[in-house]
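The values are calculated or read from the model by the stated rules, or taken from the named source; none is laboratory data. Bear in mind the structure is a predicted one, so any value in this text is a computation, not a measurement. As a convention, Cβ positions derive from the backbone with ideal geometry for all residues, glycine included, and neighbour counts pool all protein chains shown. Quick note on the areas: whole protein, heavy atoms, side chains included, nothing else; ligands and nucleic acids left out. Shrake-Rupley method; radii C 1.70, N 1.55, O 1.52, S 1.80 Å.
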There are 2 protein chains.
Amino acid sequence: MLDQRRLPGEVVYHNYTDYRDVAKAIKDMVIRGAPAIGVAASMGIAIGVEKSHAKTLDELRAEFTFICDTLAQTRPTAMDLFWAIDRFKRRFDELASAAAISGGGLPGIANIKAGLVQEAQKVHQERRQADERLGRFGAGLLPKSGRVMTQCNAGALATGGIGTALGVIRMAVDAGHKVEVLVPETRPYLQGARLTAWELHQDGIPLTLITDNMVGHFLKTGGVGAVVVGADRIARNGDTANKIGTYGMAVLARENNVPFYVAAPISTLDLSIPSGDHIPIEERSAGEVTHLAGIRISPDVPAAHPAFDVTPARFIAAIITERGLARAPFEDSLQKLKDQG
Amino acid sequence: MLDQRRLPGEVVYHNYTDYRDVAKAIKDMVIRGAPAIGVAASMGIAIGVEKSHAKTLDELRAEFTFICDTLAQTRPTAMDLFWAIDRFKRRFDELASAAAISGGGLPGIANIKAGLVQEAQKVHQERRQADERLGRFGAGLLPKSGRVMTQCNAGALATGGIGTALGVIRMAVDAGHKVEVLVPETRPYLQGARLTAWELHQDGIPLTLITDNMVGHFLKTGGVGAVVVGADRIARNGDTANKIGTYGMAVLARENNVPFYVAAPISTLDLSIPSGDHIPIEERSAGEVTHLAGIRISPDVPAAHPAFDVTPARFIAAIITERGLARAPFEDSLQKLKDQG
């Protein structure tokens, strides 16, 4: 796993062989971005089950359940995490049924382990393909030339593919659009300054880094043709949880008649909840606000750190998925896309 | 001069005896905040003239003009800087006329020097009184209890008195309001995290520090009863330049039905310009965005650093001055307050 906390200064990879280390890496943000968390959790489950010493199906199932529960407790907002766990639970049941039919025992357990490792590889592979399709669907929404704004990092580092929001931008550039990307730094973790700036710089896509409080000024005066952001969870009505600051960006985009797009895979949809009011918002450590790069930047005062906010669907021009675009009313359009699976 | 770049970690005072050092201190943000810049420039002019070796009135006038021009080139947006220079030019003319009548020469020059030193002390004294009056006019606009949001630092450090926006908050607390202040950190200089948090913490006024991209989330969900900010320049129609991020805060306050107040002395009014389109916006070094506390936080990419933005008057519920409140239409109400002087 590429340690995203140390980019762009250092490129450090960690090799995890214990699912608990994978869970800790997700919680500590070695890896982040809802789709990438989904891939990492899939890998974590596969690693955990593969190393099991269980001798019976029941033992294995108990261990599998414990592994899933451990991973589920890492990041509460990211839908793809729960999507991945649900997918693995269904796959485990299928494999376990097949193993039981063929007599269970150690050969059956070996088959389940191999099946879950394959499933994790499949999740990663599907993610790459989904990003490319999503990027192609979204590219046409961006201006032929001019500025585009994004938020946080919804790039390769956040998905394992070419990214969602940055996938759209990459596909637009591929198709000949001459865009410059305005990148807000995204405090407290600086995913914009550290990760999005790094990805775009490596790809040779022009960018300008700004602080988060410049978003309104540039939407008003900076010639921005579109905003495209990722998502951590999308409710049935289209309300979208994403990195803190996204809601403000959406309101300011609307105020300045700039279309605001959300780019996210189907695995980020949570059609079980009617609206964004039901999305749990992760509260992280206040120390991440009062410190930067280990340096205290404020007196010893209380600080708040909601990691996400909710953008009401009415601010969203379209949700871009790997199965096409959803537009208002989102209850209908999102359900239709989901049902295509 | 208290070095605001080093707060809250270190409390360091600089003693300036050369007006060029005062100009550099203003440019480098040892001192900042439009009203405080006005006081500092007044002191700088007085120091410069006091140390002059001019032997004739004409020589002194030439030196005085050069000193004023040097100070005028430090920060283009802060109206109080130009207000102070204009005031000193008028005062110089008065003193020079009197000196000419009484025969000029070295005694006349000594009188001018003494007169300008007194004028600088008077500016500082008036500033303190203005802040208190302004604070009293504004206090009643804040909720009796609950949260208030501010931006950047419009406190004692920004004025030399009790502050404008923070003066309003201090006077409200004095009057028994139970308020907690939400303080956005205000990148890139972190005036919120470093200065406003420090001032409020020292006064025992409850606060919560947030990052700039949390402003929307807290205006939507955080029970904020009012926003009160300072100003760097206010145009005839009420359009207000203030620290970058203020415009976004105003739009998000309107979206969430939170009243948005600007607190500023009469010296911040620029009734010579019809609207905010005519306010020069200072562009500072991109290195202040790509670095924090001397540490590079991004790859070597372009960055933008407009230091201010303009909030259209339609988002402003009232402008709080030391002569009372101005409300829309601001052309009338601001002119009336100005004419009281």
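With equal scatterers on the alpha carbons only and no solvent term, can you work out the Debye log10 of I(q)/I(0) for region B:210-254 at 0.17, 0.24, 0.25, 0.26 1/Å?
-0.51, -0.90, -0.95, -1.00
Using the eigenvalues of the Cα gyration tensor, what equivalent ellipsoid semi-axes result for the protein assembly as shown when each is taken as the square root of five times the eigenvalue, whole Å, largest first?
Ellipsoid half-lengths, sorted descending, are 57, 23, 22 Å.
May I have the pair-distance distribution P(r) for region A:1-88, computed from all Cα-Cα distances with 5 Å bins from 0 and rounded to whole percent?
3, 15, 26, 23, 16, 9, 5, 2, 1, 0
Mind listing the long-range amide H neighbours of B:Thr164? Cut-off is under 5 Å, sequence gap 5 or more, other chains count too, H placed in the peptide plane at 1.01 Å from N.
The answer is B:Gly155.
How high is the FRET efficiency between B:Arg6 and A:Glu126 when r is their beta carbon distance and R₀ equals 51 Å, given to the nearest 0.05?
It comes to 0.45.
Among A:Leu166, A:Leu190, A:Leu134, whose mean-square fluctuation peaks in a Gaussian network model of chain A (Cα, cutoff 10 Å)?
Most flexible of the set in this elastic network: A:Leu190.
Modelled label-to-label distance, B:Asp58 and A:Lys27, 7 Å Cα→beta-carbon offset: nm?
For the pair B:Asp58/A:Lys27, the computed spacing is 8.1 nm.
Would you compute, for the Cα atoms of region B:1-158, the largest minus smallest coordinate along each principal axis and list the three values in descending order, in whole Å?
Principal-axis extents of region B:1-158 (Cα, largest first): 63, 33, 24 Å.
Identify which of A:Val12, A:Val310, A:Val229 has the largest mean-square fluctuation in a Gaussian network model of chain A, with springs joining Cα atoms closer than 10 Å.
It is A:Val12.
Can you give me the distance in nm between label points at A:Lys338 and B:Lys144, each placed 7 Å from the Cα along the Cα-to-Cβ direction?
4.6 nm
When Rg is the radius of gyration of the Cα atoms in region A:237-341 and Rh is its Kirkwood radius, what does Rg/Rh come to?
1.08
At 7 Å along the Cα-to-beta-carbon direction for both B:Ala72 and A:Asp69, put a label point, then send me their distance in nm to one decimal.
Using points 7 Å along Cα→Cβ, the separation is 7.5 nm.
Can you tell me what the convex hull of the Cα atoms of chain A projects to on average, as an area in nm²?
Reported value for the Cα convex hull: 17.5 nm².
Placing +1 at every Lys and Arg Cβ and -1 at every Asp and Glu Cβ, with all other atoms neutral, what dipole size does chain B have around its Cα centre, in debye to the nearest 20?
Around 540 debye, computed over chain B.
Is any residue of region B:319-341 close enough, with backbone N under 18 Å, to a label point placed 7 angstrom from the Cα of B:Asp86 along the Cα-Cβ axis, and if so, which?
Answer for this model: B:321-323, B:331-341.
Filter the DSSP H helices in chain B by two things, a Kyte-Doolittle mean of at least 0.0 and an axial alpha-carbon span of 20 angstrom or more, and list the hits by number.
B:34-50, B:57-72, B:79-101
Taking the Cα centre of region B:82-230 as origin, sum charge times position over the Cβ atoms of Lys and Arg (+1) and Asp and Glu (-1), and report the length of that vector in debye to the nearest 20.
So the dipole magnitude of region B:82-230 works out to roughly 120 debye.
If the elastic network links every pair of Cα atoms under 10 Å, which of B:Asp300, B:Asp232, B:Asp270 fluctuates the most in the Gaussian network model of chain B?
Result: B:Asp300 has the largest fluctuation of those listed.
To the nearest hundred square angstrom, how large is the accessible surface buried between A and B, total for both chains, probe 1.4 angstrom?
For A against B, buried area totals roughly 4000 Å².
Calculate, axis by axis, the spread of Cα positions in region A:175-302 along the three principal axes, and write the results as whole Å, longest axis first.
Computed over region A:175-302, the largest-to-smallest principal extents equal 46, 40, 29 Å.
Could you report chain B's accessible area per residue, 1.4 Å probe, as an integer in Å²?
Accessible area per residue, chain B: 37 Å².
Whose amide H sits under 5 Å from the amide H of A:Thr208, counting only residues 5 or more places off or on another chain, with H placed in the peptide plane?
A:Val181, A:Leu182, A:Val183
Report, in debye and to the nearest 20, how large the dipole of the protein assembly as shown comes out about its Cα centre when Lys and Arg carry +1 and Asp and Glu carry -1 on their Cβ.
Taking the Cα centre of the protein assembly as shown as origin, the dipole is about 400 debye.
Go through region A:228-274 and flag every residue whose accessible area shrinks by 10 Å² or more with all protein chains in place compared to the isolated chain (probe 1.4 Å).
Buried on complex formation: A:Ile244, A:Gly245, A:Tyr247, A:Gly248, A:Val251, A:Leu252, A:Glu255.
Just to be sure I understand: if I project the alpha-carbon convex hull of region A:100-250 onto a plane and average over all orientations, what area do I get in nm²?
Computing the convex hull of the Cα atoms and averaging its projections yields 11.8 nm².
What value, in deg cm²/dmol to 500, does the helix sum -39500 (n - 2.57) over DSSP H runs of n ≥ 4 give at 222 nm once divided by the residues of chain A?
After summing the helix terms and dividing by residue count, I get -14000 deg cm²/dmol.
Using a cut-off of under 13 Å, list every residue of region B:43-74 whose amide N is near the label point 7 Å from the Cα of B:Leu106 along the Cα-to-beta-carbon line.
B:53-56
Taking all pairs of distinct Cα atoms, average 1/r, flip it, and tell me the Kirkwood hydrodynamic radius of region B:71-161 in Å to one decimal place.
16.2 Å
Per the 1.4 Å probe, what fraction of the accessible area of chain B, in percent, lies on carbon and sulfur atoms?
Carbon and sulfur together cover 51 percent of it.
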